[in-house]
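Participant: Before anything else, here's the structure in question.
Only the coordinates and a few stated rules stand behind these numbers; no lab work does. These numbers were taken from a predicted model, which means no experiment stands behind them. Cβ sites come from the backbone with ideal geometry, for glycine too, and all protein chains shown count toward neighbours.
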Amino acid sequence: MTEHPNAAAARRSYEAWNSGDLDVIREYFTDDAVLHLAGNNARSGTYRGRDAVMDALARDIQGWGPHAEVETILGSDHHVIVFCRITCERDGKTLDVVLTEAIKFNAEGKVTEAWALSNDQRGYEQFYS
Amino acid sequence: MAEHPNAGLIREAISTFNRGDWDAYREYFTEDVVWHVGGNHPLSGDYRGRDAIFEYFEKVRDLTGGGLRSEPQDILADDSHGGVFARVTADRDDRHLDVVLVQAFRINPEGKFAEYWALADDQDAVNAFWS
């Protein structure tokens with residue numbers, strides 16, 4: 001079965017993330033896209049607008065960008081859910097979690113809203129604190 | 001295109017939850033299921049094991065008078081994973097909850113839920129409702 005176009009778009013954006021190509025990722029978001037980063041740490045919050053979203057992602061990727069290994073991508077005409085393993089090392093701390101990311105797509109195949117949750121919230125908080 | 005069997009499974013599980021048929025609902029989960037509830041509220045956290053998640057369901061039921069309802073808008077699935085975008089509504093005293101909750105599942109080969117993530121589109125509203 002061929003992958004749904006929205007799932008394929010999400011897969012390409014994860015590949016771009018792993019190669020640090022933020023310009024490619026930028027193209028996937030609408031001007032008024034919203035990104036929710038769950039948790040209670042320095043990077044948590046809701047980022048509104050493509051510039052704010054890209055600033056948040058750029059902060060993540062600079063210097064110590066976490067690597068994302070995609071397990072599965074589920075896609076429909078309006079939504080995508082990504083299951084991926086995120087690993088990263090920084091300052092002697094190790095992050096190794098499975099993250100689910102939910103993404104809303106508009107009719108033009110652009111991302112309007114995205115949010116994510118890890119399977120080890122305490123580990124996640126400690127890593128990002 | 002026919003619905004994937006795991007999409008049908010999620011649809012049935014939600015309908016069983018909405019009916020409040022806890023004995024039947026238990027059958028959808030592995031014994032060592034892990035359940036991740038996002039947010040910063042008293043019910044947030046990682047729950048391990050079927051007994052632990054049913055204690056969580058009982059708290060949800062008690063706090064909402066059994067009135068929490070989940071209405072699926074879009075169900076996605078493959079052979080090992082599934083997810084649903086659902087409108088969740090509930091009332092608690094004078095508080096009203098109305099959010100889109102994404103529920104993501106890891107599904108084992110026997111068709112049981114082994115791991116679960118709940119992500120709300122409006123986390124602040126969810127935090128306020130349960131706090």
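Participant: Scan segment B:80-92 and tell me whether some residue there is surrounded by 17 or more Cβ atoms within 10 Å (Cβ to Cβ), part of a loop (DSSP other than H, G, I, E, B) and either within 9 Å of chain A (Cβ to nearest Cβ) or more than 11 Å from the chain's Cα centre (by Cα) (or both). Spell out how you get there, then give the answer.
Facilitator: Applying the first criterion (surrounded by 17 or more Cβ atoms within 10 Å (Cβ to Cβ)) to segment B:80-92 yields B:81-86, B:88, B:90.
Keeping just the survivors that are part of a loop (DSSP other than H, G, I, E, B) gives none.
Looking through segment B:80-92, none of the residues is surrounded by 17 or more Cβ atoms within 10 Å (Cβ to Cβ), part of a loop (DSSP other than H, G, I, E, B) and either within 9 Å of chain A (Cβ to nearest Cβ) or more than 11 Å from the chain's Cα centre (by Cα) (or both).
Participant: Got a number for residues in segment A:65-85 being more than 8 Å from every other protein chain (Cβ to nearest Cβ), in contact (Cβ under 8 Å) with a residue 40 or more places away in the chain and not β-branched (Val, Ile, Thr)?
Facilitator: Of the residues in that region, 5 qualify.
Okay, residues lined up against (1) within 11 Å of another protein chain (Cβ to nearest Cβ); (2) within 26 Å of residue A:122 (Cβ to Cβ):
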| site | (1), (2) |
| --- | --- |
| B:50 | no, yes |
| B:58 | no, yes |
| B:98 | no, no |
| B:105 | yes, yes |
| B:108 | no, yes |
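Participant: For segment A:14-27, check the following and say yes or no: at least one residue is closer than 26 Å to residue B:72 by Cα, touching a residue at least 12 places away in the same chain (Cβ under 8 Å) and either in contact with a His (Cβ under 9 Å, 6 or more places away or on another chain) or away from every other protein chain (no Cβ under 12 Å) (or both). Walk me through how you get there before you give the answer.
Facilitator: Of the residues in segment A:14-27, the ones closer than 26 Å to residue B:72 by Cα are none.
No, that holds for no residue.
Participant: Looking at A:104, A:110, A:93 in this structure, which one is touching a Ser or Thr at 6+ places or on another chain (Cβ under 6 Å) and surrounded by fewer than 18 Cβ atoms within 10 Å (Cβ to Cβ)? Before the answer, list the steps.
Facilitator: Numbers: A:104 fails: surrounded by fewer than 18 Cβ atoms within 10 Å (Cβ to Cβ); A:93 fails: touching a Ser or Thr at 6+ places or on another chain (Cβ under 6 Å).
Answer to the selection: A:110.
Participant: For segment A:91-129, how many residues meet the condition of being within 13 Å of residue A:41 (Cβ to Cβ), in a strand (DSSP E or B), more than 13 Å from the chain's Cα centre (by Cα) and not aliphatic (A, V, I, L, M)?
Facilitator: So the count comes out to 1.
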